[in-house]
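Each remark here refers to the structure printed beneath this line.
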Amino acid sequence: MLHAHDKAKVRLMWLLPIPSMSEPADATAFLGRLSLAGSLDEALAPSLEDEAHLRRLFAADKLSERLKSPFVGLINVFAAPDFIRKTRARAVHDEDELSAKYIMPLSDEQRRKDGEPCMVANYDEFHKNFLIFTGGSY
């Protein structure tokens, strides 16, 4: 639960423009892996290992040089290439495969098709939706 002074900080944060984020080498490498054909698991594995390393650093050495950036481990998805905002649909071959992997599988009509947008296109649209979602309380 947020206290009143924390809510004021969050409100102020949403009024500010997105800060400039330079893409670190690990973010650029991640985007490169995503752009190549292959499984999402293969693209994510090195990034998940890096995140685990960042968590260990945070627990053991909060003053580490690597942790000084408030954007460490983050990617500005609005500045990233367009393909990152597109659905990479899983290939489902039959009903048995779908029911074997998912407790409540979506119907074909409800599943997002490959290449369809999977998120909003820009920060302004995200901000508008966030204000609607939170009822303007932030």
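This table checks each residue for (1) surrounded by 14 or more Cβ atoms within 10 Å (Cβ to Cβ); (2) assigned to a helix (DSSP H, G or I); (3) free of Cβ contacts under 8 Å to residues at least 60 places away in the same chain.
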residue: ALA27; (1), (2), (3): yes, yes, yes
residue: ALA52; (1), (2), (3): no, yes, yes
residue: PRO70; (1), (2), (3): no, no, yes
residue: ARG111; (1), (2), (3): yes, no, yes
residue: LEU131; (1), (2), (3): no, yes, no
*For ALA43, are the conditions met, namely being closer than 23 Å to ALA91 by Cβ and either assigned to a helix (DSSP H, G or I) or touching a Leu at 6+ places or on another chain (Cβ under 6 Å) (or both)?*
yes
*Would the stretch 100-112 turn up any residue that is closer than 22 Å to ASP41 by Cβ and under 19 Å from the mean Cα position of the chain (by Cα)?*
yes
*Return only the number of the condition from (1) assigned by TED's automatic domain parsing to the domain that holds VAL120; (2) surrounded by 11 or more Cβ atoms within 10 Å (Cβ to Cβ); (3) under 27 Å from ALA121 (Cα atoms) that PRO46 does not satisfy.*
(1)
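The values are calculated or read from the model by the stated rules, or taken from the named source; none is laboratory data. Keep in mind that what you see is a predicted model, and the values were worked out from it rather than measured. Cβ coordinates were reconstructed from backbone atoms using ideal geometry, including for glycine residues, and neighbour counts include every protein chain displayed.
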